[in-house]
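The values are calculated or read from the model by the stated rules, or taken from the named source; none is laboratory data. This one's a predicted model, so the numbers in the text were calculated from it and none came from an experiment. Positions of Cβ are backbone-derived with ideal geometry, glycine not excepted, and every protein chain shown enters the neighbour counts.
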Amino acid sequence: MTETSPAYHDANDADGPSNGAIEEPLISFEQDVVSPTGTDTFPDINMDFLQHLDIDAPEYQFMFQTPDNNPPSTAAESTDGSYSKIYPLLDGHENLHPETLGLSGDMDPYLLQRYQSDEHGTFKFKQLAIRSVNNNPPVQFLISQPSLFGQSRKEAGHTDAPISSQRVELEKAVSQNMGKRLISLYNRFIAPHYPIFSTESPPGPATSAPCLLATIYSISLPFAMYDDQLCIDVAYDSPDAEDLAHLINAAVAFEIHSPNIATVQTLFLLIARPSSNPLVSDASYRWTTMGTLVSAATNIGLHLDPSLWNIPSAQIAARRRLSFFVYALDRWLAAALGRPPHINRSNWLVDELSAQDEHSSGLDASQWADTMVFSALTASLSDALDRL
């Protein structure tokens, strides 16, 4: 029994033996009930670990605090109808790696509903926390310390790459000032077609994951001619595409053990990025990476509809947009390459956008209208693919 399955013992202890053939042990057990922290009943089990269940230690506080060290709020809307910038518990922090808990896994969402959670829907135990975002049906996420996967990464040959060192390496290739200009070009030319970010937490050179920034820079560099400063800088000293690719690949391989929303956004842009050689489609790479994208997106719950979840409205809209664009990319890529889609439509709940999903997208009315047209076209393509 591992510490990642707290519901397992509760289920067995509550039900007891099912055949009812042995009466005496049951009666004896009821007469000799002791504290669950006692060691006499289970002499072979060392219960000392119960003294170290300290997830309230400083290293865990990122899961329960905003950058201003205030308790997190799942109600982001203010009294005047505006939305304040917050870091919600589920997404928005580089150390948050939510993993969705499914109905057939070893951590049953219905049993986990019985646990006593705090006012934010969080149940905490050693090195892990369970965050509940919906009660009916139950939707929960397992939130783990990134260091928990250190051994798995080492066994896979993925060397430890702290965010700080990744950022230093990135800034050797692209300065923060150049990065800001490239992000501006991204927002101008690319974001209107793929609104996968929220204005509540836009990409920034000092705040976003380095692998995500490197991908944004890579996809934006071809537009450098439209920036009066970059058109000169890039002509004399263009960022090395190979250096950016190395950083992206190393970081994604490291993060795939516990992906978060930035990992999914990175993989999405890697696939959407045009090939540098128009005569080579690189179909195998794109299709294989698409499978990784779908798996990572499912791992963080993007196959579910968050419309009723106990998270901020801006985060709901951002998750729905990203979920739809992962679905759409899978459909259009499948059609272009003549392959069956990775995503099973019955298991992916956000296959179209709604008017409410415009919230915090950063798009104007005309751009959003184009996005809704694309959503309708994707639905038609999906119907056609289903009939093949």
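Residues that are over 23 Å from the mean Cα position of the chain (by Cα) and of a type outside the set (Ser, Thr, Tyr): find the helices (runs of 4 or more DSSP H) completely inside the range 114-229 holding 3 or more of those.
Of the helices (runs of 4 or more DSSP H) lying wholly inside the range 114-229, those with at least 3 residues that are over 23 Å from the mean Cα position of the chain (by Cα) and of a type outside the set (Ser, Thr, Tyr) span 163-173, 176-189.
Test of understanding: among 351, 330, which residue is assigned by TED's automatic domain parsing to the domain that holds residue 256 and in a loop (DSSP other than H, G, I, E, B)?
351 is the lone residue from the list that is assigned by TED's automatic domain parsing to the domain that holds residue 256 and in a loop (DSSP other than H, G, I, E, B).
Could you go through the range 299-311 and let me know if any residue there is assigned by TED's automatic domain parsing to the domain that holds residue 367 and part of a helix (DSSP H, G or I).
yes
Going by the structure shown, is residue 126 touching a residue at least 24 places away in the same chain (Cβ under 8 Å), in the same structural domain as residue 373 (by TED's automatic domain parsing) and not aliphatic (A, V, I, L, M)?
Here the answer is no, as residue 126 does not meet what is asked.
Take residue 345 and decide whether it is touching a Pro at 6+ places or on another chain (Cβ under 7 Å) and not assigned by TED's automatic domain parsing to the domain that holds residue 133.
In short, no.
Does residue 331 meet the test of being buried (at least 19 other Cβ atoms within 10 Å of the Cβ), free of Cβ contacts under 8 Å to residues at least 60 places away in the same chain and not aromatic (Phe, Trp, Tyr)?
Answer is yes for this residue.
Counting just the residues of the range 298-317 that are modelled with pLDDT of 95 or more and not hydrophobic (A, V, I, L, M, F, W, C), which one comes out surrounded by the fewest Cβ atoms within 10 Å (Cβ to Cβ)?
That would be 307.
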